[in-house]
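Enquirer: Shown below is the structure under consideration.
The values are calculated or read from the model by the stated rules, or taken from the named source; none is laboratory data. Source: prediction; values computed, not measured. Methodologically, a virtual Cβ is constructed for each residue, glycine included, from the backbone with ideal geometry; neighbour enumeration extends over all protein chains shown. Note: areas computed on protein heavy atoms with side chains; ligands, DNA, RNA excluded. Shrake-Rupley method; radii C 1.70, N 1.55, O 1.52, S 1.80 Å.
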Amino acid sequence: MTLTHYLVTSALLFTIGLIGIVTRRNVLMILLSIEIMFNAANLAFVAYARAWGDLGGHVVVFFVIAVAASEVTVGLAIAVLLARQLKTLNADEVKLLKW
């Protein structure tokens with residue numbers, strides 16, 4: 001596989017994640033879509049790192065994975081809180097976190 005194949009796959013994954021964020025209203029599905037977008041970025045970083053023979057992309061992927069894990073932890077905690085108190089995970093019905 002060439003660099004182009006990896007980048008096209010990364011672009012497709014990123015697009016799927018972006019469409020998921022825009023079209024879905026469930027908080028868990030939005031979190032899942034964000035994870036797909038993070039993984040698409042990771043794939044592009046690793047592909048470039050492999051193509052250029054540099055380890056910098058791998059280091060960036062390590063930080064992206066750490067940020068993604070933190071995001072999921074906080075997001076799931078908010079989702080559990082919303083489910084317990086408001087009995088919904090629909091982002092349109094939650095006005096508690098808006099200004």
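Enquirer: So which residues in segment 57-82 are more than 17 Å from the chain's Cα centre (by Cα) and at pLDDT 90 or above, if there are any at all? Full working, then the answer.
Expert: Start the filter on segment 57-82 by keeping residues that are more than 17 Å from the chain's Cα centre (by Cα), which leaves 57-59, 80-82.
Hits for segment 57-82 are His58, Val59, Val80.
Quick grid of which residues meet (1) open to solvent by less than 60 Å² (accessible area, probe 1.4 Å); (2) assigned to a helix (DSSP H, G or I); (3) on the phi > 0 side of the Ramachandran plot; (4) of a type in the set (Val, Ile, Thr):
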position	(1), (2), (3), (4)
Thr4	no, yes, no, yes
Val8	no, yes, no, yes
Leu12	no, yes, no, no
Ile21	yes, yes, no, yes
Leu32	no, yes, no, no
His58	no, yes, no, no
Ile65	no, yes, no, yes
Thr73	no, yes, no, yes
Leu82	yes, yes, no, no
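Enquirer: Still on this structure, I have one more. Determine which single condition Trp52 fails, assuming it passes every other condition in (1) at pLDDT below 95; (2) hydrophobic (A, V, I, L, M, F, W, C); (3) more than 20 Å from Thr73 (Cβ to Cβ); (4) surrounded by 13 or more Cβ atoms within 10 Å (Cβ to Cβ).
Expert: (4)
Enquirer: Yes or no: segment 85-92 includes at least one residue that is open to solvent by less than 90 Å² (accessible area, probe 1.4 Å) and either at pLDDT 90 or above or touching a strand residue (DSSP E or B) at 6+ places or on another chain (Cβ under 6 Å) (or both). Steps first, please.
Expert: Looking only at segment 85-92, we keep the residues that are open to solvent by less than 90 Å² (accessible area, probe 1.4 Å), and these are 86, 88-92.
Filter once more, so that each one left must be either at pLDDT 90 or above or touching a strand residue (DSSP E or B) at 6+ places or on another chain (Cβ under 6 Å) (or both): 89.
The answer is yes; a qualifying residue exists.
Enquirer: Could I ask something else about it? Return the pairs, sorted by first residue and then second, in which the second residue is of a type outside the set (Ser, Thr, Tyr) and open to solvent by 30 Å² or more (accessible area, probe 1.4 Å), the first residue lies in segment 44-64 and is over 18 Å from Leu13 (Cα atoms) and in contact (Cβ under 8 Å) with a residue 40 or more places away in the chain, the beta carbons are less than 6 Å apart, and the residues are 6+ apart or on different chains.
Expert: Ala51/Leu3
Enquirer: Take the conditions assigned to a helix (DSSP H, G or I), open to solvent by less than 80 Å² (accessible area, probe 1.4 Å) and either aromatic (Phe, Trp, Tyr) or more than 14 Å from Ala68 (Cα to Cα) (or both) and apply them to Ala41. Does it pass? I'd like the intermediate steps shown before the answer.
Expert: Working: assigned to a helix (DSSP H, G or I): yes; open to solvent by less than 80 Å² (accessible area, probe 1.4 Å): yes; either aromatic (Phe, Trp, Tyr) or more than 14 Å from Ala68 (Cα to Cα) (or both): no.
Taking the combined requirement at face value, the residue does not satisfy it.
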